[in-house]
Amino acid sequence: MRNLWIICRRELSSYFSSPIAWLLLTMYSILFGWFFWNYLGNFVVESIEMQMAGQMQPMNINEQIIRPLMLNTSFLALFFVPLITMRLFAEEKRSGTIELLATSPVRDIEIILGKWLAATILYVWLLVYAGINFAFLFAYGHPDWKPVLIGYLGLLLQAAALLALGTFISTLTKNQIIAGAATFGVILLFWVFSWVSSYDSSTWAQVLSYLSVPVHYESFGRGVLSLKDAVYYVSFIFIGLFFTARSMESLRWRS
Amino acid sequence: MITVTDLTKRYARTTAVDRISFTVDKGQIVGFLGPNGAGKTTTMRMLTCFFPPTAGTATVAGYDVFTQSLDVRRHIGYLPESPPLYLEMETDEYLRFVGRLKGLSGAELETRINFVCDRCNIGDVKKKLMGKLSKGYRQRVGLAQAIIHNPDVLILDEPTAGLDPKQINETRDLIKSLAGDHTIILSTHILPEVEQTCEQVLIINKGKLVATDSVHNLQARARGAESIVLEVAARSGELSVPMVQQRLGAVAGVSNVTSKGQDDQGAFFEVESRKGQLVRGDLARAVVDAGWDLNELRPAAMSLEEIFLQLTGTEAAAPPPETVSPPESSAAEPAAPEAQP
């Protein structure tokens, strides 16, 4: 446990001492802000129009801003996860520092968990920065805060699952670009698996669409806490880290 | 301190290390010598638990590298071929990280950091990003991280590779000063390094251990039959090389005489005698009696380099005359005067 923290802290300080963390924070804030700005703008214009038309239908911030924002920003993970995970092991393999870690009195699983945790904590930072936008909603309106929290939990679980996948792919190569590109490709595939369900209802198609990542985010995005989707993400994390551990073991046997 | 028995590492098609066995006593410095690709790094990686052996066993500080890997790792310091530095970190931040990984904490950690910085002479770059350090400094930081937890065993993979001559000397002195407290295995393909730093040598070639002995014994062993180099000159006129050869060959106990070329000073000959026979005096007398001058007579001590080539069987080309009798040869002086009439 102590070793896990040592690894995690070094990893985080490495993210933040290079431009990568700051670049990702900036990009994520800009994109999330742009989404927010547009939904908000839409909401404001619509409510003014309604007032002018004299209709007094209630406008709902949760339904018209928070829900679409949560649903539509979830796909940002597709671009940000590979950028975060690509260096995790690939860089250590290239620079030779993996020899230091692998010959230190530290278990492989502590190394893997430490690195994955650092990546997840960085992602939490992205979400926290983006969350500043919500402060404005709470300052000037009275939205229900629970869907925001549940949506955030969903974004975090989804990201943690994809980060585990990215961590695994990063152990397979010493080239960061390859690790990043492969992670992007595989995540994209997990994104579109569910397409098959639109025309095919065989078991095969059902399994594929169950594996699809965004399908499990829908209820979180709507503000509904769904245990079965949470189980999916947690299993995804577990399998991803399990494969990482096997990959690191085979690294020891093969290299 | 280190016991290796039939250690083997096989890859899909090749055998990188083939059943090597050796032991290293506490406090010794052992040189692990071999051409590139001989299996030095592979052996070291098995000892440091970077990967497990295919067959055979090794114990380090009393722990088995396979079954008690974490205990072994606690007792070794390892400097891989390229120092494992995180270039985006500052030196002291890095040493703190490694120290923690090896189990140090609190005041003890800080004391050890100061100690290794002092020992490895890196105090002035403590607050520098390691990406900005020169090769020599990086190597020393690598050494510092290897000794930070005061390990019983130090394993150094080509610690002087890529350094300039001054840095090489500094690093060697540092390594020598570390012996005693630590048992050290260092690998190299540079022979003088072994002659200078190590007490014992393990020579490895194509995955097999071809020799293991002290540096001194190894030189004596490879010499085998005594071999003597003579420089003979004519008092006047031309020297007949075949005649000298014939004359030297007639001396009792001489088994072989080879001509090693000629320059304007005289002609060189290498004389091999049967083991245990001292023929130097007879050789000198034979030359002088024939009316020639004996300019030089010395035992042809094999350099470790020649032993190495002999043992590994690579590039067995005959050494050029310059190697046989270098102009600044100091070995010649004690022998020559006693031979002069």
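The values are calculated or read from the model by the stated rules, or taken from the named source; none is laboratory data. Not measured: the values here are computed from a predicted model. Positions of Cβ are generated from backbone atoms using ideal geometry, with glycine treated the same way; all protein chains shown enter the neighbour counts.
Within segment A:118-134, the set of residues being within 21 Å of A:Trp22 (Cβ to Cβ) and among the hydrophobic types (A, V, I, L, M, F, W, C) comprises A:Ala118, A:Ala119, A:Ile121, A:Leu122, A:Val124, A:Trp125, A:Leu126, A:Leu127, A:Val128, A:Ala130, A:Ile132. Looking across segment A:54-110, the residues that are touching a residue at least 12 places away in the same chain (Cβ under 8 Å), within 14 Å of another protein chain (Cβ to nearest Cβ) and charged (D, E, K, R) come down to A:Arg87, A:Glu91, A:Lys93, A:Arg94, A:Arg107, A:Asp108, A:Glu110. Number of residues in segment B:165-205 that are of a type in the set (Lys, Arg) and more than 27 Å from B:Val72 (Cβ to Cβ) equals 1. The listed residues are A:Leu31, A:Leu25, A:Leu12, and the only one of them that is within 14 Å of chain B (Cβ to nearest Cβ) and either in contact (Cβ under 8 Å) with a residue 40 or more places away in the chain or not aromatic (Phe, Trp, Tyr) (or both) turns out to be A:Leu12. Residues considered: B:Glu315, B:Glu296. Of these, the only one that is of a type outside the set (S, T, N, Q), at pLDDT below 65 and outside any helix (DSSP H, G or I) is B:Glu315. The single condition from (1) within 14 Å of chain B (Cβ to nearest Cβ); (2) part of a helix (DSSP H, G or I); (3) touching a residue at least 40 places away in the same chain (Cβ under 8 Å) that A:Trp125 fails is (1).
Rundown of residues vs (1) within 18 Å of the chain's Cα centre (by Cα); (2) among the hydroxyl-bearing types (Ser, Thr, Tyr), yes/no style:
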| site | (1), (2) |
| --- | --- |
| A:Leu188 | yes, no |
| A:Trp191 | yes, no |
| A:Ser201 | no, yes |
| A:Ala205 | no, no |
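Of the residues making up segment A:144-164, those that are more than 11 Å from the chain's Cα centre (by Cα) and among the aliphatic types (A, V, I, L, M) are A:Val148, A:Leu149, A:Ile150. Any idea which residue in segment B:64-88 is farthest from A:Ile109 (Cα to Cα), counting only those that are assigned to a strand (DSSP E or B) and within 11 Å of chain A (Cβ to nearest Cβ)? In this case the residue turns out to be B:Leu79.
B:Leu239 fulfils the conditions (1) of a type in the set (A, V, I, L, M); (2) assigned to a strand (DSSP E or B); (3) touching a residue at least 24 places away in the same chain (Cβ under 8 Å) except for a single criterion, (2).
One residue stands out among those in segment B:242-257 that are part of a loop (DSSP other than H, G, I, E, B) and aliphatic (A, V, I, L, M): the one that is surrounded by the fewest Cβ atoms within 10 Å (Cβ to Cβ), which is B:Ala252.
Per-residue answers, yes or no, for (1) out of contact with any His (no Cβ under 8 Å at 6 or more places or on another chain); (2) in contact (Cβ under 8 Å) with a residue 40 or more places away in the chain:
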site	(1), (2)
B:Thr5	yes, yes
B:Tyr11	yes, no
B:Ile20	yes, yes
B:Gly31	yes, yes
B:Asn36	no, yes
B:Phe66	yes, no
B:Val72	yes, no
B:Glu81	yes, yes
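Against the numbered list (1) at negative phi; (2) within 14 Å of chain A (Cβ to nearest Cβ); (3) in contact with a helix residue (DSSP H, G or I) (Cβ under 8 Å, 6 or more places away or on another chain), B:Ala61 comes up short only at (1).
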